[in-house]
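My structure is below; once you've seen it, I'll send some questions.
The values are calculated or read from the model by the stated rules, or taken from the named source; none is laboratory data. A quick note: this is a predicted structure, and the numbers were derived from the prediction, not measured. Note that we place each Cβ from the backbone using ideal geometry, even for glycine, and neighbour counts take in every protein chain shown.
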Amino acid sequence: MRHRADIFKNGVEEERRHFTFYFKREKKIRVDFSSPHSGMTVLYQGNAEELTVIPLRFLPFIRLHYSVDDPRVRTPAGQRVSQSDIGYFIEFFIRSLKTVQQGEADYREEGNRITFQFRALDFTKGTSVEKYRVTLLRMNWLPVRIERYTPEGKPIEIDIIQNCRINTHLEDTLFAP
């Protein structure tokens, strides 16, 4: 899937990232960046404590290894690659509904999209309450937009997801470090 992440600091857009995200069961993840780190690939296998970074895809023999907790390989909002798959997000959503008091329900259906809002402990550390607004496609229930806000309504991150496909039978070699 193609992905755009708009990162905000104090409610003002600070950075915009473009990348293609691949995911396979057992938490095999591949991220190919097109902006700002054009040509860089990140590979993650299972619940490993390390990930592999290929700084330049045209030089695949150059590989760097980092801990998944290393700040250099986290998003500006602090998210680890091991927190980036849809399974993690679904678990996060269910856990949040059980543990965080929800405000007034906000659910809308418009055409082929469903939008809902919920409150949760922050996605990366689980220490402060944030607001999340999620937009799904009605035909497959996959997200096309995920927004994070402070309790005061300032944007933290807006993720726009395009061309999401499931069951594409990706080869394991695509994820090999």
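Residue check, T99 against (1) farther than 26 Å from E49 by Cβ; (2) of a type in the set (S, T, N, Q); (3) modelled with pLDDT under 85, all met but one. Which one?
So T99 meets the others, but not (3).
Within region 28-52, how many residues turn out to be closer than 24 Å to R16 by Cα and buried (at least 16 other Cβ atoms within 10 Å of the Cβ)?
13
Hey, among the residues in region 102-133 that are polar (S, T, N, Q) and farther than 14 Å from T150 by Cα, which one's modelled with the lowest pLDDT?
Q102
Go through region 144-159 and give me each residue that's out of contact with any Asp or Glu (no Cβ under 8 Å at 6 or more places or on another chain) and surrounded by 11 or more Cβ atoms within 10 Å (Cβ to Cβ).
Scanning region 144-159 gives V144, K154.
Mind telling me which of the residues R2, R17, R80, R30 ends up being more than 20 Å from L121 (Cβ to Cβ), of a type outside the set (D, E), at pLDDT below 90 and under 15 Å from the mean Cα position of the chain (by Cα)?
R2
Looking at (1) more than 18 Å from the chain's Cα centre (by Cα); (2) in a loop (DSSP other than H, G, I, E, B), which one does I114 not meet, given that it meets all the others?
(2)
Something else now. With the structure loaded, tell me whether Y22 is free of Cβ contacts under 8 Å to residues at least 24 places away in the same chain, closer than 19 Å to R145 by Cα and not polar (S, T, N, Q) or whether it fails that test.
No; evaluated as a whole, the condition is false for this residue.
On the given criteria, is S34 within 30 Å of N167 (Cβ to Cβ) and assigned to a loop (DSSP other than H, G, I, E, B)?
Judged against the criteria, S34 is not a match.
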